[in-house]
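A.B. asks: First the structure, which I've put down as structure tokens, then a few questions once you've had a look.
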Amino acid sequence: MASDGMWEIPPLDDAPDIARTTGPQPGATMADTRNWAGFVLVGIGLLTVIPAVALVALGVQGWALLVAVIACVALSTGAALLVFQWRNQRARQQRSSADEPYAAWQASVPPS
């Protein structure tokens, strides 16, 4: 995008300005690290299910119950964090689209 002093000039060939689109960009989901805590907790919960099943099969009921409780807490907390983050992300996108009624470049181009 060209610049004329403090004013930005929109693209002349009507090409979409991918730097100013309101939707998610390619790779934006991977770059957003806010949901990693939820994924880590879900992973820990899934990994602790295996020892819980193994302990039940071995007949160690006390340890199996403890590991199963840890698995349930990790899975439910991770799922809750993921749902909470998903709702916040949707709310942020709706706020940003409502705040920008005009094209992004229209506010920066001086009137003719």
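Computed from the coordinates by the stated procedures, all read-outs in this text should not be read as laboratory data. Every value quoted in this text rests on a predicted model; they were computed, and no experiment measured them. We place every Cβ from the backbone using ideal geometry, glycine too, and count neighbours over all the protein chains shown.
A.B. asks: For region 76-83, in order, what is each residue's ³J(HN,Hα) by Karplus, 6.51 cos²θ - 1.76 cosθ + 1.60 with θ = phi - 60°, in whole Hz (x at glycine and Pro)?
C.D. replies: Computed from phi, the couplings for region 76-83 are 5, 5, x, 5, 5, 5, 5, 5 Hz.
A.B. asks: Follow-up. Under the 0.36 nm per residue contour assumption, what length would be gained going from the current alpha-carbon distance of residue 46 and residue 95 to full extension?
C.D. replies: Values: separation 49, 0.36 × 49 = 17.64 nm, distance 3.48 nm.
Stretched out fully, the residue 46 to residue 95 stretch lengthens by 14.2 nm.
A.B. asks: Evaluate the distance, in nm, between pseudo-label points positioned 7 Å from the Cα of residue 61 and of residue 88 along their respective Cα→Cβ axes.
C.D. replies: Distance between label points: 4.2 nm.
A.B. asks: For the pair residue 39 and residue 76, how long in nm is the line joining their label points, each one 7 Å along Cα→Cβ?
C.D. replies: Rounded to a tenth, the inter-label distance reads 2.5 nm.
A.B. asks: Ranking request for peptides 74-85, 51-62: highest mean number of other beta-carbon atoms within 10 Å first, then the rest in descending order.
C.D. replies: 74-85, 51-62
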